[in-house]
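> Please read through the structure below; I'll follow up with questions.
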Amino acid sequence: MSIDLAIETHNLGRIYTIRNRRERRIRKEIIALQDVNLQIPRGELFGLLGPNGAGKTTLIKILTTLLAPTTGWARVAGYDVVREPQKIRPRINMVSGGEASGYGLLTVRENLWMFAQFYGLPSREANRRIEDLLRRIGLADRIHTKSSDLSTGLRQKMNIVRGFLTDPEILFLDEPTLGLDVNAARDVRRFVREWLDAHPDRTVLLTTHYMVEADELCDRVAIISQGRVLACDSPEALKRRLQREALFDIEITAPNGLTAAALEALPGVRKAVLTDASGGALLKLVLAEDSALPSVIGVLTERAVQVRHLTKREPTLEDVFVELVGRPLAEEEGRDEQ
Amino acid sequence: MRAASYRDTRLPERWAAAWRSFRVAAWLGWQIESNWTDPFLFAIYSMLKPLASAAILVVMYGVITNGQFENPVFPYIYLGNAFYIYVGAVMTGVSWAVIDDREHYRTLKYIYVAPIRIPAYWLGRGVARFLTGSFAVLITLAAGVLFLHVPFHPDRVDWPLFLLSLTLGVMMLALMGLVLASVSLMIAHHFFLIGEAVAGALYLLSGAIFPLEVLPPWLRPLGFAMPITYWLELIRRSLLGDIASGFATLSGFTNGQLLGILAGLSVLFGLLAVVAFRLCDRQAREKGLIDQTTNY
Ligand SMILES: Nc1ncnc2c1ncn2[C@@H]1O[C@H](COP(=O)(O)OP(=O)(O)OP(=O)(O)O)[C@@H](O)[C@H]1O
Ligand SMILES: [Mg+2]
């Protein structure tokens with residue numbers, strides 16, 4: 001075991017067993033995580049990027065000692081998550097986004113002070129940090145507000161401060177910007193980055209299903225889907241994988257029965273994704289090289305589909321995701337929200 | 001920099017963790033208990049609630065016995081009912097914290113990942129209910145003595161026995177609460193009344209308002225296995241002296257024997273609490289129940 005690994009997992013897996021309510025003999029198994037091998041050195045801001053149900057929260061729960069894995073092992077700060085939770089807990093903290101937690105009848109300051117007490121932080125130091133962190137995240141004017149009187153977004157900011165308050169060696173942020181508006185999300189991202197800059201030996205593991213967040217914020221990103229880690233590298237390196245390919249966005253009129261599969265059958269077409277757009281459709285292409293483009297245009301013309309706009313662009317994490325998972329992240333989100 | 005002292009789990013640190021868990025939980029419990037309404041209403045409510053429930057009992061007793069308030073059975077029932085308030089307060093108070101934190105405040109997982117001693121935290125959450133419960137008991141007793149001729153003579157009270165029994169009893173109730181709290185870790189929201197349900201069942205099983213003889217024979221052993229039975233008897237004896245024998249169920253035991261039984265059963269419940277917590281804690285982590293919320 002290497003001492004400077006903040007987090008290490010080996011063939012980590014988790015299966016949930018769901019029993020049927022009426023007939024207890026009927027069981028369903030859900031594989032939430034499978035063969036996850038991660039090595040996260042100290043000082044890294046590591047991102048887990050994946051669609052709903054990918055297993056992000058499950059992984060965080062295992063690493064924060066809330067949930068036992070069914071296979072493999074995991075170490076946090078050098079300690080085994082199953083056998084040594086008491087050693088891990090003083091060194092970590094956790095925040096989940098998209099939920100309104102906290103004692104509504106306590107003020108923001110009291111809520112935070114209380115959690116600091118659990119970690120044995122002296123009151124005066126706790127209060128100093130509370131004021132400082134609230135100011136940084138833009139919540140200082142609400143310090144004496146009862147937390148039940150805060151909006152969901154502000155409550156989430158309070159919750160985020162709770163995570164940082166104890167100055168953890170390793171911090172787990174599960175979708176910290178979920179449900180926040182654009183400005184608040186930006187505040188939070190800046191806050192996380194600044195904190196890490198000020199504390200270079202701290203480690204943050206952050207989950208998200210926002211591409212930009214992973215791209216902008218993280219030193220390294222693991223792309224996770226259906227419980228498996230499909231790729232793990234820095235955002236730049238992940239994108240570089242696609243650099244040799246040619247990426248085109250084509251705005252077209254109604255597709256007239258054209259399918260992505262038909263386009264992918266063409267030589268040189270790596271990936272084609274067709275999504276509805278206003279008054280037509282958007283076709284995203286990953287081509288082995290530029291010379292594959294004419295055959296695509298040919299097919300479009302055959303079907304009387306007109307090209308309205310065509311751009312060639314640099315690869316984004318979104319493209320990497322599509323390449324690995326086979327479908328865009330946004331599509332998945334939309335489906336889940338319905 | 002952070003103090004490094006809480007970093008390891010050597011014994012003194014475990015005690016330090018237990019103490020801060022207990023202390024902060026007691027503070028939190030008091031905030032929750034007292035802050036839900038303004039102080040004036042809180043005080044009124046704290047007085048009226050016990051008086052109302054005592055009044056119901058007194059009226060029922062009066063109707064059934066044609067007003068035999070001089071009969072020693074009356075103080076037996078009155079004191080049993082008054083001190084039973086502690087069962088609802090302490091036992092239910094401790095176990096309620098799990099469900100409250102998980103379902104209502106959604107903080108259980110954050111408390112769980114903190115370096116605290118969960119059982120000490122739960123015990124702490126019961127302190128506020130113990131205090132408000134004590135107030136309720138006091139009010140009920142005062143009403144009984146002032147208006148209902150419950151025979152109470154401060155010079156005839158066996159104070160040492162009373163204080164000893166009370167302390168032992170409250171600890172015993174807290175340990176029973178821990179057992180319930182551990183079980184609550186494993187159950188879903190719709191069983192949230194488990195604390196109340198157990199408290200209600202024990203009201204009938206531990207001779208609070210009628211003797212164990214009234215129970216069907218197959219239920220009696222359960223009554224005799226409950227520490228609350230002996231505790232209530234000790235409380236009555238210490239407060240009333242010889243006229244406490246409204247019913248003869250336990251009159252064969254000396255005070256010392258009763259204390260011994262109570263202490264023994266309390267230790268047993270203490271061990272049960274440790275085992276239950278370890279078991280339920282492991283199960284809850286294996287099944288992922290710690291932050292499970294029922295989304296209705
Ligand atoms: N307690 C549970 N019991 C049964 N199945 C569960 C439980 N928790 C999660 N799952 C399942 O495990 C899989 C992974 O869920 P998980 O919550 O880890 O995903 P996620 O990546 O965090 O998704 P999201 O973006 O929606 O938060 C999903 O299929 C989910 O339905
Ligand atoms: Mg999740």
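> Write out, first by first residue and then by second, each pair whose Cβ atoms fall under 7 Å of each other, whose residues are 6+ apart or on separate chains, and whose first residue, in region A:127-145, is within 13 Å of A:LYS157 (Cα to Cα) and in contact (Cβ under 8 Å) with a residue 24 or more places away in the chain while the second is assigned to a loop (DSSP other than H, G, I, E, B) and among the aliphatic types (A, V, I, L, M).
A:LEU134/A:ILE143; A:ARG142/A:LEU150
> Looking only at residues that are away from every other protein chain (no Cβ under 12 Å) and surrounded by fewer than 23 Cβ atoms within 10 Å (Cβ to Cβ) in region B:86-103, which one is nearest to A:GLY104 (Cα to Cα)?
It comes out as B:ILE99.
> Among the residues of region B:114-144, how many are more than 17 Å from B:LEU178 (Cβ to Cβ) and either touching a residue at least 60 places away in the same chain (Cβ under 8 Å) or surrounded by fewer than 22 Cβ atoms within 10 Å (Cβ to Cβ) (or both)?
The qualifying residues number 14.
> Condition test on A:ILE40, is it within 16 Å of ligand 2 (Cβ to nearest atom), surrounded by fewer than 24 Cβ atoms within 10 Å (Cβ to Cβ), at pLDDT 95 or above and within 19 Å of the chain's Cα centre (by Cα)?
On the way: within 16 Å of ligand 2 (Cβ to nearest atom): no; surrounded by fewer than 24 Cβ atoms within 10 Å (Cβ to Cβ): yes; at pLDDT 95 or above: yes; within 19 Å of the chain's Cα centre (by Cα): yes.
Answer is no for this residue.
> Return yes when B:ARG106 is in a helix (DSSP H, G or I), of a type in the set (Lys, Arg), within 14 Å of another protein chain (Cβ to nearest Cβ) and surrounded by fewer than 20 Cβ atoms within 10 Å (Cβ to Cβ) and no when it is not. Outline the logic, then answer.
Details: in a helix (DSSP H, G or I): no; of a type in the set (Lys, Arg): yes; within 14 Å of another protein chain (Cβ to nearest Cβ): yes; surrounded by fewer than 20 Cβ atoms within 10 Å (Cβ to Cβ): yes.
For B:ARG106, the condition - in a helix (DSSP H, G or I), of a type in the set (Lys, Arg), within 14 Å of another protein chain (Cβ to nearest Cβ) and surrounded by fewer than 20 Cβ atoms within 10 Å (Cβ to Cβ) - is not met.
> Among the residues of region B:225-234, count how many are over 14 Å from B:ILE209 (Cβ atoms) and either surrounded by 16 or more Cβ atoms within 10 Å (Cβ to Cβ) or touching a His at 6+ places or on another chain (Cβ under 9 Å) (or both). Steps first, answer last, please.
Going residue by residue through region B:225-234, those that are over 14 Å from B:ILE209 (Cβ atoms) are B:225-227, B:230-231, B:234.
Imposing the further condition that a residue be either surrounded by 16 or more Cβ atoms within 10 Å (Cβ to Cβ) or touching a His at 6+ places or on another chain (Cβ under 9 Å) (or both) reduces the set to B:226-227, B:230-231, B:234.
Total satisfying the criteria: 5.
> Search region B:145-162 for residues being in contact (Cβ under 8 Å) with a residue 24 or more places away in the chain and among the β-branched types (Val, Ile, Thr), and hand back the single one that is farthest from B:ALA82 (Cα to Cα).
Step by step, filter region B:145-162, then rank; the result is B:VAL157.
> Given A:VAL182, A:VAL229, A:VAL212, A:VAL188, which one is surrounded by fewer than 18 Cβ atoms within 10 Å (Cβ to Cβ) and in contact with a Leu (Cβ under 9 Å, 6 or more places away or on another chain)?
On the way: A:VAL182 fails: in contact with a Leu (Cβ under 9 Å, 6 or more places away or on another chain); A:VAL229 fails: surrounded by fewer than 18 Cβ atoms within 10 Å (Cβ to Cβ); A:VAL188 fails: surrounded by fewer than 18 Cβ atoms within 10 Å (Cβ to Cβ).
Result of the check over A:VAL182, A:VAL229, A:VAL212, A:VAL188: A:VAL212.
> Run A:VAL82 past the list (1) surrounded by fewer than 24 Cβ atoms within 10 Å (Cβ to Cβ); (2) within 12 Å of ligand 1 (Cβ to nearest atom); (3) part of a loop (DSSP other than H, G, I, E, B); (4) of a type in the set (A, V, I, L, M) and report the number of the one that doesn't hold.
Result: A:VAL82 passes all but (2).
> Could you tell me whether A:GLY163 is surrounded by fewer than 19 Cβ atoms within 10 Å (Cβ to Cβ) and small (Gly, Ala, Ser)?
Working: surrounded by fewer than 19 Cβ atoms within 10 Å (Cβ to Cβ): no; small (Gly, Ala, Ser): yes.
No; evaluated as a whole, the condition is false for this residue.
> Output the number of residues of region A:71-106 satisfying the condition of being facing chain B (nearest Cβ under 10 Å), of a type in the set (Ser, Thr, Tyr) and more than 16 Å from ligand 2 (Cβ to nearest atom). Give the steps one after another, and end with the answer.
If we filter region A:71-106 for residues that are facing chain B (nearest Cβ under 10 Å), which is where we start, we get A:81-82, A:84-96, A:99-106.
Next cut, of a type in the set (Ser, Thr, Tyr) only: A:96, A:101, A:103.
Checking the rest, the ones that are also more than 16 Å from ligand 2 (Cβ to nearest atom) come to A:103.
Selection size over region A:71-106: 1.
> When you look at B:SER165, is it modelled with pLDDT under 95 and either within 19 Å of B:TYR84 (Cβ to Cβ) or not β-branched (Val, Ile, Thr) (or both), yes or no? Can you show your working first?
Values: modelled with pLDDT under 95: no; either within 19 Å of B:TYR84 (Cβ to Cβ) or not β-branched (Val, Ile, Thr) (or both): yes.
For B:SER165, the condition - modelled with pLDDT under 95 and either within 19 Å of B:TYR84 (Cβ to Cβ) or not β-branched (Val, Ile, Thr) (or both) - is not met.
> Would you check if A:ALA116 is more than 14 Å from A:PHE172 (Cα to Cα), within 16 Å of ligand 1 (Cβ to nearest atom) and touching a residue at least 40 places away in the same chain (Cβ under 8 Å)? I'd like the intermediate steps shown before the answer.
Working: more than 14 Å from A:PHE172 (Cα to Cα): yes; within 16 Å of ligand 1 (Cβ to nearest atom): no; touching a residue at least 40 places away in the same chain (Cβ under 8 Å): yes.
Against the criterion (more than 14 Å from A:PHE172 (Cα to Cα), within 16 Å of ligand 1 (Cβ to nearest atom) and touching a residue at least 40 places away in the same chain (Cβ under 8 Å)), A:ALA116 does not qualify.
> How about region A:159-255: which helices (runs of 4 or more DSSP H) wholly inside it have at least 3 residues that are within 16 Å of ligand 1 (Cβ to nearest atom) and within 14 Å of the chain's Cα centre (by Cα)? Before the answer, list the steps.
Working: elements: A:182-198, A:211-217, A:235-240.
Output list reads A:211-217.
> Turning to a different aspect of this structure: Taking the options A:ILE18, A:ILE31, A:ILE60, name whichever one is within 15 Å of ligand 1 (Cβ to nearest atom), more than 9 Å from every other protein chain (Cβ to nearest Cβ), surrounded by fewer than 23 Cβ atoms within 10 Å (Cβ to Cβ) and in a helix (DSSP H, G or I). Write out each step before concluding.
Details: A:ILE18 fails: in a helix (DSSP H, G or I); A:ILE31 fails: in a helix (DSSP H, G or I).
A:ILE60 is the lone residue from the list that is within 15 Å of ligand 1 (Cβ to nearest atom), more than 9 Å from every other protein chain (Cβ to nearest Cβ), surrounded by fewer than 23 Cβ atoms within 10 Å (Cβ to Cβ) and in a helix (DSSP H, G or I).
> State all residues of region A:117-139 that are over 20 Å from A:ALA198 (Cα atoms) and part of a helix (DSSP H, G or I); if no residue qualifies, say none.
Result: A:GLN117, A:PHE118, A:SER123, A:ARG124.
> Considering each of A:GLU194, A:GLU236 in turn, give the residue that is under 30 Å from A:ARG129 (Cα atoms), exposed (fewer than 15 other Cβ atoms within 10 Å of the Cβ), more than 16 Å from ligand 2 (Cβ to nearest atom) and away from every other protein chain (no Cβ under 14 Å).
Numbers: A:GLU236 fails: under 30 Å from A:ARG129 (Cα atoms).
Going through A:GLU194, A:GLU236 in turn, just one is under 30 Å from A:ARG129 (Cα atoms), exposed (fewer than 15 other Cβ atoms within 10 Å of the Cβ), more than 16 Å from ligand 2 (Cβ to nearest atom) and away from every other protein chain (no Cβ under 14 Å): A:GLU194.
The values are calculated or read from the model by the stated rules, or taken from the named source; none is laboratory data. Quick caveat: nothing in here was measured; it's all calculated off a predicted structure. All Cβ positions, glycine included, derive from the backbone under ideal geometry; neighbour counts span all protein chains shown.
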